[in-house]
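First up is the structure itself, then whatever we jot down about it.
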Amino acid sequence: MRITGADVVVTSPGRNFVTLEITTDDGLTGYGDATLNGRELAVASYLSDHVSPLLIGRDAHRIEDTWQYLYRGAYWRRGPVTMAAIAAVDVALWDLKAQVAGLPLYQLLGGASRSGIRAYGHASGRDLPELLDSIRERQEQGFRSIRVQSGVPGLETIYGISAAPEPAGGPEHGRHPQPSEEIWDTQAYLRHLPTVFEEVRNEFGPELPLLHDVHHRLTPIQAAKLGKALEPYDLFWLEDCTPAENQDGLRLVRQHTTTPLAIGEVFNSAVDYQTLIREQLIDYVRSAVTHAGGITAMRKLFDLAAQYQIKSGIHGPTDISPVGMAAGLHLDLAIHNFGIQEFMPHSAETYEVFRHSYTFSDGYLHPGETPGLGVTLDRAAAARFEYRPAYLPVNRLRDGTIHDW
Ligand SMILES: [Mg+2]
């Protein structure tokens, strides 16, 4: 099976996606997600200018060899752009191999280790009544585990909390031609958040799994304090409590709290986790297949984590395309050390461009039984949605200092 084409498709059905479409001499088409939110065209160029020409004529079955060829052959290692590009090639080749086998991809990864994939949804509110309504709404949609994000008195806008009714495709952020700016106050947040979880537990009882995302905004000692303060509310996990490229900093957090920790959505290789995993400083690995080198690299990462009883918690915002989401779901179903999957349903426009076989029902996702990934890209539909630059916000302290976002 020789590769005859490797096209990069940029489309914007509600938000921007970059997709690699690999075609072969036996007429098959495989897809890989190469979306890097806010920096999309860098990956599109990396692929179309530097990678696609190298793929033409290669044996599409040689997945590991192609991964190493692109990783080691580039000389320059890791980084979000490189690893997103390699991930797209890798996932497209797995898609093709599974189609040739006539099997859903998870069967090639060892088969199902469970009947369904536990998913969590996002709830948020500017104040408590809005937050409680949002949690109820997610429960009505079938979510059985909920990420809780709350406004903080005195702060106008905060990431993950919509100022208006949520747009289709998720509340994460709007589309800004320039990054919008948010003001952040760590002390106000640290004072307020435990009171929010107190109220949520009072309302929904002890059993509902609750998650919270700190979005890299704390120092290790602040994160330690927060983890300790939240212990009575029994969180499923506290996510990205610090900017975790300071891997050593997590030792301090760990010494002070038993609140489980999830880290890694901005990481793009297993190297980023070396200390965190070996020293058991985290409980969940957050990388997405799209951003961390594809299925080939993620399997190795999860196998390393499994030795330390660390589980998966694959990143699943709406800037992961349905192609990237499906790749994660096949892995979720197959690996033993699955933890939970983040799931934000895409907009109707996105689903019009990406037809998919995965399903969500009663709290559980399943990748479906279609051979391959189970996602196809409708290029005619994709062509209707032209790329528009869109940026994530940036964060400043009250005195104007740029802060972690
Ligand atoms: Mg997050």
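The values are calculated or read from the model by the stated rules, or taken from the named source; none is laboratory data. None of the values given here were measured: they were computed from a predicted structure. Using ideal geometry, Cβ is built from the backbone for each residue, glycine included, and neighbour counts are taken over all protein chains shown.
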Kindly indicate the residue of the stretch 339-354 that is assigned to a loop (DSSP other than H, G, I, E, B) and more than 16 Å from the ligand (Cβ to nearest atom) and also surrounded by the most Cβ atoms within 10 Å (Cβ to Cβ) among those meeting that condition.
HIS346
I need the full set of residues from the stretch 54-83 which are exposed (fewer than 13 other Cβ atoms within 10 Å of the Cβ) and aromatic (Phe, Trp, Tyr), in order please.
TYR75, TRP76
Failed condition for SER115, given (1) surrounded by 16 or more Cβ atoms within 10 Å (Cβ to Cβ); (2) over 30 Å from LEU230 (Cβ atoms), with all others met?
(1)
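Any chance you could count how many residues in the stretch 311-330 are away from the ligand (no atom under 14 Å from the Cβ) and surrounded by fewer than 23 Cβ atoms within 10 Å (Cβ to Cβ)? I'd like the intermediate steps shown before the answer.
Narrowing the stretch 311-330 to residues away from the ligand (no atom under 14 Å from the Cβ): 311-312, 321-330.
Those left that are additionally surrounded by fewer than 23 Cβ atoms within 10 Å (Cβ to Cβ): 311.
Of the residues in that region, 1 qualify.
Give the residue, chosen from ALA223, ALA244, that is crowded, with 23+ Cβ neighbours inside 10 Å, of a type outside the set (Asp, Glu) and touching a strand residue (DSSP E or B) at 6+ places or on another chain (Cβ under 6 Å).
ALA244
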Pairs with Cβ under 7 Å, 6+ apart, first in the stretch 108-124 and assigned to a loop (DSSP other than H, G, I, E, B), second loosely packed, with under 14 Cβ neighbours inside 10 Å:
SER113/HIS336
Of all residues in the stretch 379-396 being among the aromatic types (Phe, Trp, Tyr) and either without any contact (Cβ under 8 Å) to a residue 60 or more places away in the chain or under 18 Å from GLU21 (Cα atoms) (or both), the one that is surrounded by the fewest Cβ atoms within 10 Å (Cβ to Cβ)
TYR387
Looking at PHE360, PHE267, which is the one that is touching a residue at least 60 places away in the same chain (Cβ under 8 Å) and closer than 30 Å to GLU21 by Cα?
PHE360
Single unsatisfied condition, LEU301 versus (1) away from the ligand (no atom under 16 Å from the Cβ); (2) under 14 Å from the mean Cα position of the chain (by Cα); (3) under 18 Å from ALA262 (Cβ atoms)
(2)
I'd like the residue in the stretch 189-231 that is among the basic types (Lys, Arg) and either part of a helix (DSSP H, G or I) or more than 16 Å from the ligand (Cβ to nearest atom) (or both) and, out of all such residues, is farthest from ASP248 (Cα to Cα).
ARG201
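I'd like to check something: does the stretch 332-341 contain any residue that is of a type in the set (Asp, Glu) and touching a residue at least 40 places away in the same chain (Cβ under 8 Å)? Step through it out loud before you land on a result.
Taking the stretch 332-341 first, the residues of a type in the set (Asp, Glu) are 332.
If we keep only those that are touching a residue at least 40 places away in the same chain (Cβ under 8 Å) as well, we get 332.
Yes, the stretch 332-341 contains at least one residue that is of a type in the set (Asp, Glu) and touching a residue at least 40 places away in the same chain (Cβ under 8 Å).
Where residues in the stretch 340-398 are basic (Lys, Arg) and outside the structural domain of LEU235 (by TED's automatic domain parsing), which of them is nearest to the chain's Cα centre (by Cα)? Reasoning before the result, please.
In the first step, residues of the stretch 340-398 are kept if they are basic (Lys, Arg); the result is 355, 379, 384, 388, 396, 398.
If we keep only those that are outside the structural domain of LEU235 (by TED's automatic domain parsing) as well, we get 379, 384, 388, 396, 398.
Working: ARG379: 24, ARG384: 26, ARG388: 22, ARG396: 24, ARG398: 30 Å.
Looking at residues that are basic (Lys, Arg) and outside the structural domain of LEU235 (by TED's automatic domain parsing), I get ARG388.
Yes/no per residue for (1) modelled with pLDDT under 95; (2) within 15 Å of the ligand (Cβ to nearest atom); (3) buried (at least 20 other Cβ atoms within 10 Å of the Cβ); (4) under 28 Å from ARG201 (Cα atoms):
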{"site": "LEU238", "(1), (2), (3), (4)": "no, yes, yes, yes"}
{"site": "LEU250", "(1), (2), (3), (4)": "no, no, yes, yes"}
{"site": "HIS256", "(1), (2), (3), (4)": "no, no, no, yes"}
{"site": "ALA262", "(1), (2), (3), (4)": "no, yes, yes, yes"}
{"site": "PHE267", "(1), (2), (3), (4)": "no, yes, yes, no"}
{"site": "LEU276", "(1), (2), (3), (4)": "no, no, yes, no"}
{"site": "SER287", "(1), (2), (3), (4)": "no, yes, yes, no"}
TYR308 fails exactly one of the following numbered conditions: (1) more than 16 Å from the ligand (Cβ to nearest atom); (2) surrounded by 21 or more Cβ atoms within 10 Å (Cβ to Cβ). What is the number of that condition?
(2)
